[in-house]
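Okay, so here's the structure we're looking at.
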Amino acid sequence: PDEDSADAEPQLGDEEWTVPVSIGTPPQGFKLDLDTGSSDLWVFSTLLSKEEVNGQSLYDPNKSTTAAKMTGYTWDCHYGDGSFSSGYIYQDTVTIGGVTVAKQPVEVAKTVAPQFTQDTALDGLVGLGFWTINTAEPKKQKTFFENAAPNLEKGLFTADLKHEAPGSYNFGWIDENAHASNITYADVDSSDGYWMWTSPGYAVGDAKGINKTAIRGITDTGTTLLLLPDDVVDTYYGQVDGATWAEEWSGYVFDCNTTVPDFSFAVDNGTAKVTVPGEYLNYAENGDGTCYGGIQSDYGVGFSIFGDIAIKSAFVVFDQQNLKLGWASK
Ligand SMILES: O[C@H]1CN[C@@H](c2nc(-c3ccc(C(F)(F)F)cc3)no2)C1
């Protein structure tokens, strides 16, 4: 049933993917960034000062007959890049990809960081992590998906992001035409509120075997790059001619004309693997003839992050009902 499908438009050079979301009655339309690495649904609102708004669509709860203020509730988000947003909470009807949740806690922004003001591509975020890291006070609130799941055929959603092309998120069903290989599942440890799993190993280029080293990380649609342990990163760039760690760019860079090898990570016992094409791993031009790598260190995060560069290389199943993460080639 393709009605439970949301087209994800790539923004800012595959830096984030937004989907159309309706909130309220009559419906107010927004472009929200689906983020499996957080668990708050928040939107730019009429509560913001005009200095903090730069063309974004503003949710106005006073114009929605189904909005109900959650008196005494607040929220306060901080993101990996240091950005932040906070405000008050209303319940209202939310529809994404044909799936409607009545009385979804909608966090309305009263304050947003300058990075959000400048990012004219999005009007807010939809957290698709677990409720245990929702920031609502005095009581944490469930995500849009946690509220929708009981009424869906399957308690899962899928991400099919594409390189410099629209992708799609499906809620409650697996599009068998969207993936080429069988889906291999890994166990999810949701105890930190993330889609946390462990890859048993990796390979660089067309190497046949895998380096058996566990890579424990989260699958995060809201992070652009592929952030991995230092030993893996060093091994990878050891096979990229002329690659160096550049202080000025705080990461590995190489000459833009360099041919960059693929990177594969194993799933389950290593029988299956996801291959990230070298093309995706030459992420951005620095402007001085060097290019910034799509693989960088996860130093300081405490776990690895399989961000969009990995996710767009596969068809990914976020199975909340069985706490599994499925990967398939496409
Ligand atoms: O926090 C972790 C959870 N998932 C990652 C994430 N980060 C953002 C984000 C989006 C847009 C912006 C801004 F517009 F540039 F401000 C900032 C951060 N969305 O998901 C990192």
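Here, each number is a calculation from the coordinates, and none is a lab measurement. Predicted model only: the values in this text are computed from it and were never measured. Here Cβ is always computed from backbone atoms with ideal geometry, including for glycine, and neighbour counts include all displayed protein chains.
Some observations on this one:
- Cβ-based net charge around residue 301, under 14 Å, with every Lys or Arg adding one and every Asp or Glu removing one: -4
- Partnerless cysteines in the chain, where a partner means another cysteine C-beta under 4.7 angstrom, comprise 77.
- DSSP beta bridges in the chain [antiparallel fraction, %, rounded to 5]: 85 percent
- Spin-label pair residue 51/residue 216, simplified geometry with 7 Å Cα→Cβ offset, distance in nm: 4.4 nm
- With all pairs of different C-alpha atoms in the average, the Kirkwood value for the hydrodynamic radius of the chain is 20.3 Å.
- In this structure, the pairs whose alpha-carbon distance is over 18 Å, taken from 69/110; 50/139; 69/140, are 50/139.
- Protection proxy ranking of 22-31, 140-149 - average other beta-carbon atoms within 10 Å, highest first: 140-149, 22-31
- Global geometry of segment 1-146, whether rounded, prolate or oblate, following the gyration tensor of its Cα atoms and the 1.5 cut on a/c: rounded
- Within the shell of other residues whose beta carbon sits under 11 angstrom from the beta carbon of residue 59, the net charge comes to -3, with Lys and Arg scored +1 and Asp and Glu -1.
- Overall form of segment 216-275 per C-alpha gyration tensor (a/c, 1.5; a/b vs b/c): prolate
- Across all C-alpha atoms in segment 146-258, the radius of gyration and Dmax reach 17.7, 53 Å.
- Global form of segment 86-235, assessed from the alpha-carbon gyration tensor, a/c cut-off 1.5: prolate
- Student exercise, the chain dipole from Lys, Arg, Asp, Glu Cβ charges, in Debye to nearest 20: 1100 debye
- For the chain, a Gaussian network of Cα nodes joined below 10 Å ranks 105, 261, 114 by mean-square fluctuation, and the top entry is 114.
- In segment 166-237, trypsin sites (Lys or Arg not before Pro) in a DSSP loop with at most 12 other beta-carbon atoms within 10 Å: 208, 212
- Label sites at residue 181 and residue 231, each approximated as a point 7 angstrom past Cα along Cα to Cβ, lie 2.4 nm apart.
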